[in-house]
Amino acid sequence: MLVACSSQSTAPAPANRAEEEPAMASAEACKRLLAHLVELEFRRAGGGTEVQKRGAAEAKEEEFVASCRKTPRERVVCALAAQDLDAVARCDAPP
């Protein structure tokens, strides 16, 4: 049996997954986003203690992170950079 090797492949090149699907947010980025959103919410409401903020974040963490992990990373990065909730909302707007 004769087997030949070649540097040329006749198989199609694999599709670039980055072009097909956006990269999703990491759990760590989602936790940071939750803390940021809680901070912005409390700021809008006029303040709050660190204990209140931590409690609010902990109460929502599991559900929020599970949902956030399905969010494109670029939207999470945008929201993390937002200085207020209106700017966060613009991260969800189509380009």
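Could you work out the relative contact order of the range 14-95? I mean the mean sequence separation of Cα pairs under 8 Å and 6+ apart, divided by the number of residues, in percent. Kindly include the intermediate steps, with their values, before the conclusion.
Details: 64 pairs, mean separation 34.2, N = 82.
The normalised contact order for the range 14-95 reaches 42 percent.
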Other-chain or far-sequence residues with amide H under 5 Å of Met24's (modelled H): Arg73
Sum of side-chain charges, Cys91 neighbourhood, beta-carbon under 12 Å (Lys, Arg +1; Asp, Glu -1): -1
Fraction of the pair-distance distribution of the range 23-91 above 20 Å, Cα-Cα pairs, percent: 25 percent
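Computed from the coordinates by the stated procedures, all read-outs in this text should not be read as laboratory data. Computed from a predicted model, the values in this text were never measured in an experiment. Virtual Cβ from ideal backbone geometry, glycine too; neighbours counted across all protein chains shown.
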